[in-house]
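Report on the structure given below.
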Amino acid sequence: MKDIYTLGIESSCDETSVAIVKNGREVLSNVIDTQIEIHTLYGGVVPEIASRNHIENISAVASQALMQANMQLEDIDVVACTYGPGLVGALLVGLSYGKALSYALNKPLVGTNHIQGHIAANYITHPDLKPPFLCVMMSGGNTQIIHVKDYTEFEVLGKTKDDAIGEAFDKVARVIGLGYPGGPKIDKMGQGVTPTIELPKTHFDNMDFSFSGIKTAVINLHHKNPEIDKADLCASFEKTVSEILIENIKKAIRKTGIKTVVLAGGVSANTYIRKEFEELKNAKVYMPDIKLCTDNAAMIASAGYYNYLAGNIDDLSLNAVPDLKL
Ligand code: KG4
């Protein structure tokens with residue numbers, strides 16, 4: 001079969017990224033321009049600023065991706081871009097760029113779901129990984145247990161009823177004074193610390209989640225006692241969150257009989273959570289390479305490749321969908 005080179009574009013939040021991936025698995029380039037420093041000034045992502053920065057950066061990021069892959073635009077077979085979920089203005093930049101490339105090169109345009117992209121980060125890290133499997137999706141905007149039936153076929157088994165897990169990390173970090181982005185700061189602060197603080201967990205009969213209770217409990221403990229040991233608080237938060245995730249994946253394993261578990265999304269970079277999942281019994285656990293956990297275009301190119309193989313090709317009327325579901 002002829003090799004297929006997919007150019008992926010990601011601009012759903014505060015990373016402008018373009019990548020070139022061969023046959024959905026081999027990364028030839030993955031250029032990521034992050035705006036973290038700019039948004040840190042405001043304590044979180046400012047959508048309008050994010051869109052403007054994507055516009056300023058996307059052409060240079062794309063040129064760099066081609067250069068690093070040692071390719072010309074004409075060598076590209078498929079253009080895959082994130083069209084949701086995410087910030088609408090930010091999404092529109094990458095999507096419009098992708099549409100323009102697809103039109104000018106006369107190559108297929110494949111709109112790709114950002115969540116599907118996070119799952120596909122694992123296909124790059126683990127060349128042997130194939131569906132079916134269970135995925136614990138934990139990102140800034142989503143927390144879900146997903147039954148990945150095939151590369152483009154998904155069933156959501158459980159999801160958060162309130163905050164996404166990454167949102168809870170970011171809010172806790174902001175209130176206890178660690179700043180933005182909160183996940184990596186909590187990760188660093190909690191490392192090597194034995195958690196001793198009891199925090200509440202919300203239980204459901206099904207595989208849904210709730211993170212607002214634990215988030216509020218941590219914030220209240222900090223407000224009531226500003227001298228509280230922040231490192232212990234961070235480690236205790238990570239411990240409790242890990243227990244919630246593991247409880248639900250165990251339910252999913254019992255329900256489906258599937259024993260392959262895949263982590264995905266920005267929070268899957270968390271040291272504590274990764275360690276807890278490594279110790280999960282009776283299941284084979286896959287995790288994305290740390291640098292592929294957070295937003296990047298290689299994962300979009302990989303997911304886009306499988307969408308292309310499935311015949312899911314879009315036309316130029318494709319629009320951004322900020323609340324796109326799997
Ligand atoms: O998947 P992602 O890059 O963006 C979305 O698609 O939503 O996830 C971003 C989230 C943020 O909430 C960030 O704080 C969190 O991932 N995150 C982490 C770590 N690295 C990033 N959370 C915990 N530990 C980390 N090491």
Expressed to two decimals, region 210-326 has a Cα Rg over Rh, using the Kirkwood radius, of 1.07
How tilted is helix 230-256 with respect to the longest principal axis of the chain? Cα atoms for both, answer in degrees (0 to 90, nearest 10).
70
Is region 41-182 rounded, prolate or oblate when judged by the Cα gyration tensor, a ≥ b ≥ c being the square roots of its eigenvalues, rounded requiring a/c under 1.5 and prolate requiring a/b larger than b/c?
oblate
Residue-normalised accessible area of the chain, given per residue in Å² at a 1.4 Å probe:
43
How large, in percent, is the carbon and sulfur part of the accessible surface of the chain at a probe radius of 1.4 Å?
51
Compute the distance from the alpha-carbon center of region 87-142 to that of region 1-53, in whole Å.
10
No solvent, one uniform scatterer per C-alpha: report log10 I(q)/I(0) for region 280-326 via the Debye equation at q = 0.23, 0.31 1/Å, two decimals.
-1.07, -1.15
Note down the Stokes-Einstein diffusion coefficient of region 114-237 in µm²/s, whole number, using a Kirkwood radius over alpha carbon pairs, 37 °C, and 0.692 mPa s.
206
Among the GluC sites (Glu not before Pro) within region 271-326, which fall in a DSSP loop and have no more than 14 other Cβ atoms within 10 Å of their own Cβ?
E279
Return the calculated 222 nm mean residue ellipticity for the chain, to the nearest 500 deg cm²/dmol, obtained by summing -39500 (n - 2.57) across DSSP H runs with n ≥ 4 and dividing by the residue count.
-14000 deg cm²/dmol
For the chain, alpha-carbon Rg and Dmax in angstrom
19.6, 64
Residues with amide H under 5 Å from that of A80, placed H, sequence gap 5 or more:
L7, G8, I9, V110
Ordered by number, the GluC sites (Glu not before Pro) in region 169-242 that occupy a DSSP loop and have at most 12 other Cβ atoms within 10 Å are E198, E227
Any chance you could look up the accessible area of R174 with a 1.4 Å probe, heavy atoms only, rounded to 10 Å²?
140
How tilted is helix 47-69 with respect to the longest principal axis of the chain? Cα atoms for both, answer in degrees (0 to 90, nearest 10).
60
Once the Cα atoms of helix 88-105 and of the chain are each reduced to a long axis, what angle between those two axes, in degrees from 0 to 90 to the nearest 10, is obtained?
20
When the Karplus curve 6.51 cos²θ - 1.76 cosθ + 1.60 is applied with θ = phi - 60°, which whole-Hz ³J(HN,Hα) does each residue of region 185-194 get, with x for Gly and Pro?
6, 5, 3, 5, 5, x, 5, x, 9, 7
Among A65, A19, A297: highest mean-square fluctuation, GNM of the chain, C-alpha pairs under 10 Å:
A65
Accessible surface of H203 in the full protein assembly, 1.4 angstrom probe, to the nearest 10 Å²?
120
In sequence order, what are the phi-derived ³J(HN,Hα) couplings for region 11-21 according to the Karplus relation 6.51 cos²θ - 1.76 cosθ + 1.60 with θ = phi - 60°, rounded to whole Hz, with x for glycine and proline?
8, 6, 9, 10, 10, 9, 9, 9, 9, 10, 10
Working out 0.36 nm times the residue gap between T256 and E48, then minus their Cα-Cα distance, what length gain in nm do you get to one decimal?
70.6 nm
Which one, A310, A69, A217, has the greatest fluctuation when you compute a Gaussian network model over the chain with C-alpha springs under 10 angstrom?
A310
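In the neighborhood of I146, defined by Cβ-to-Cβ distances under 10 Å, what is the net charge if each Lys or Arg adds +1 and each Asp or Glu adds -1? All intermediate terms of the calculation are to be shown ahead of the outcome.
On the way: positive: K149, K159; negative: E155.
In short, +1.
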Lys and Arg at +1, Asp and Glu at -1: neighbours of I76 with Cβ under 12 Å from its Cβ sum to -2
Where is the GNM fluctuation largest for the chain (alpha-carbon springs, 10 angstrom cutoff): F277, F133, F204?
F204
Read phi for every residue in region 145-151 and hand back ³J(HN,Hα) as whole Hz from Karplus 6.51 cos²θ - 1.76 cosθ + 1.60, θ = phi - 60°, with x for Gly and Pro.
9, 10, 8, 8, 7, 8, 4
Tell me the net charge near P85. Cut-off is 15 Å between Cβ atoms, P85 excluded, with +1 for each Lys or Arg and -1 for each Asp or Glu.
-4
Order I313, I244 by their accessible area, 1.4 angstrom probe, all chains in place, largest first.
I313, I244
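The values are calculated or read from the model by the stated rules, or taken from the named source; none is laboratory data. A quick note: this is a predicted structure, and the numbers were derived from the prediction, not measured. Cβ coordinates were reconstructed from backbone atoms using ideal geometry, including for glycine residues, and neighbour counts include every protein chain displayed. The protein model used for the area step is the full one, side chains on, heavy atoms only, and it has no ligands, DNA or RNA in it. Shrake-Rupley method; radii C 1.70, N 1.55, O 1.52, S 1.80 Å.
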